[in-house]
Amino acid sequence: MITFPCCKINLGLNVVNRRSDGYHDIETVFYPVPLCDALEVKLMDKNFPSDVDCDLLVKTNIDGRLAHCEMCEEQENLVVRAYNIVRKDFDIPRVHAHLIKNIPSEAGLGGGSSDAAAMIRLLDERFRLNMGIPEMERYAAKLGADCPFFITSEPAFATGIGEKLRPVDRRMNPMKGYYIVLVKPDVAVSTAAAYRAITPKKPEECCADVVKLPVKEWRGRLTNDFEEPVFKTFPVLREIKEKLYECGAEFALMSGSGSTIYGIFKDNPLDIKDIFNTHKVFVIRL
């Protein structure tokens, strides 16, 4: 079986409280974007010589060519970890997993979390586990704060550490028909360091309310608290955001703790890849 896990952007991201357990409470709107990885799962023959119950082959798409990718130790990959937490509670067979990465890593787009959630969904469907969405979300929450969102990949207002989800009404979708540009420079942002640089506070406006307004009204009202400290460390990210506005974006923001900056355009920005030719650029119609 094969599935295509998508990425997400954050429509606003506000750190509102530092918790006693060392984590932070946030407010954000997770919004799915159809830039997708591909994940395939096949049964492992009972005679196949493997020391593990789930092996994983990862390749990355580089300008249309697939290359082997070693993002981390195989058994530490979130896809394998998703298999292992499900297998603790269900009698499922050994499998081979094959992952094609199109979503950039360390980008604030949730690619790893999306892959893990896709594995949970695949296992549920392939082996008829009948978990249901709430149970799959509980498994996903063990792997990452944004992982539960990807069980359904429906727009959601997220609170807590990102695991508490409230659906956003798709009928109130001011971005329908717009183009989103994702610009990912060769920059890796430390999320832990970004959190340490923030003083938590409630925003003047809740992002869940702002996203109901027309896109052109978001600028200055829909904010990401990580931008200020991250931009100080990586000025290129501020430059990308400013350039997106110069190119006609109605709204631009950093996603997550970075390092992707996205711009939302009413019309297709045809020359945008040439303008940002030293970075990874994706243009997608919503």
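Scanning for something among the small types (Gly, Ala, Ser) and under 23 Å from ALA208 (Cα atoms), does the range 219-241 turn up at least one residue? Even if it seems obvious, please write down each step before you answer.
Of all residues in the range 219-241, those among the small types (Gly, Ala, Ser) come to 220.
Add one more test, that the residue is under 23 Å from ALA208 (Cα atoms), and what stays is 220.
Scanning the range 219-241 turns up at least one residue that is among the small types (Gly, Ala, Ser) and under 23 Å from ALA208 (Cα atoms).
All conditions in (1) more than 23 Å from GLU135 (Cβ to Cβ); (2) outside any loop (DSSP other than H, G, I, E, B); (3) out of contact with any His (no Cβ under 6 Å at 6 or more places or on another chain) hold for TYR83, with the sole exception of (1).
How many of the residues in the range 97-110 are over 11 Å from the mean Cα position of the chain (by Cα) and open to solvent by 50 Å² or more (accessible area, probe 1.4 Å)? Spell out how you get there, then give the answer.
Filtering the range 97-110 down to residues over 11 Å from the mean Cα position of the chain (by Cα) leaves 97-102.
Then drop every residue that is not open to solvent by 50 Å² or more (accessible area, probe 1.4 Å), which leaves 98.
Residues meeting the conditions: 1.
Give the residues of the range 47-57 that are farther than 16 Å from LYS101 by Cα and either open to solvent by less than 40 Å² (accessible area, probe 1.4 Å) or touching a residue at least 12 places away in the same chain (Cβ under 8 Å) (or both), sorted by residue number. Spell out the reasoning first.
Keep residues of the range 47-57 that are farther than 16 Å from LYS101 by Cα, which gives 47-55.
PHE48, SER50, VAL52, ASP53, CYS54, ASP55, listed by residue number.
Only residues that are crowded, with 16+ Cβ neighbours inside 10 Å and assigned to a strand (DSSP E or B) were counted in the range 18-39, giving 14. Of the residues making up the range 176-225, those that are small (Gly, Ala, Ser) and over 29 Å from GLY22 (Cβ atoms) are GLY177, GLY220.
Please verify whether the range 173-186 includes one or more residues that are more than 21 Å from the chain's Cα centre (by Cα) and not small (Gly, Ala, Ser). No, that holds for no residue. When the range 81-91 is filtered for residues that are farther than 28 Å from SER190 by Cβ and surrounded by fewer than 16 Cβ atoms within 10 Å (Cβ to Cβ), the ones remaining, listed by number, are LYS88, ASP89, PHE90, ASP91.
Tell me which residues, restricted to the range 119-155, are among the acidic types (Asp, Glu) and either over 17 Å from the mean Cα position of the chain (by Cα) or in a loop (DSSP other than H, G, I, E, B) (or both). Residues satisfying the conditions are ASP124, GLU125, GLU135, ASP146, GLU154.
The lone criterion from (1) among the β-branched types (Val, Ile, Thr); (2) crowded, with 17+ Cβ neighbours inside 10 Å; (3) under 27 Å from GLU125 (Cα atoms) left unmet by VAL15 is number (3). Annotation for the range 156-165: no member residue is buried (at least 16 other Cβ atoms within 10 Å of the Cβ), assigned to a loop (DSSP other than H, G, I, E, B) and of a type in the set (Phe, Trp, Tyr).
May I ask you to list the residues in the range 176-196 that are under 27 Å from GLY248 (Cβ atoms) and surrounded by fewer than 17 Cβ atoms within 10 Å (Cβ to Cβ)? Step through it out loud before you land on a result.
Narrowing the range 176-196 to residues under 27 Å from GLY248 (Cβ atoms): 176-187, 189.
Hits for the range 176-196 are LYS176, GLY177, ASP186.
Could you list all residues from the range 58-80 that are of a type in the set (Gly, Ala, Ser) and either part of a strand (DSSP E or B) or open to solvent by 70 Å² or more (accessible area, probe 1.4 Å) (or both)? Selection gives ALA67 alone.
This table checks each residue for (1) touching a residue at least 12 places away in the same chain (Cβ under 8 Å); (2) within 17 Å of PRO34 (Cβ to Cβ); (3) surrounded by fewer than 20 Cβ atoms within 10 Å (Cβ to Cβ).
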residue: GLY112; (1), (2), (3): yes, no, no
residue: ARG128; (1), (2), (3): no, no, yes
residue: PRO134; (1), (2), (3): no, no, yes
residue: GLY144; (1), (2), (3): yes, no, no
residue: PHE150; (1), (2), (3): yes, yes, no
residue: PRO174; (1), (2), (3): yes, no, yes
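The values are calculated or read from the model by the stated rules, or taken from the named source; none is laboratory data. Remember, predicted model here, so these are calculated numbers, not experimental data. Counting neighbours? That spans all protein chains shown, and the Cβs are built from the backbone with ideal geometry, glycine included. Please note that ligands, DNA and RNA were not included when accessible areas were found on the heavy atoms of the full protein model with its side chains. Shrake-Rupley method; radii C 1.70, N 1.55, O 1.52, S 1.80 Å.
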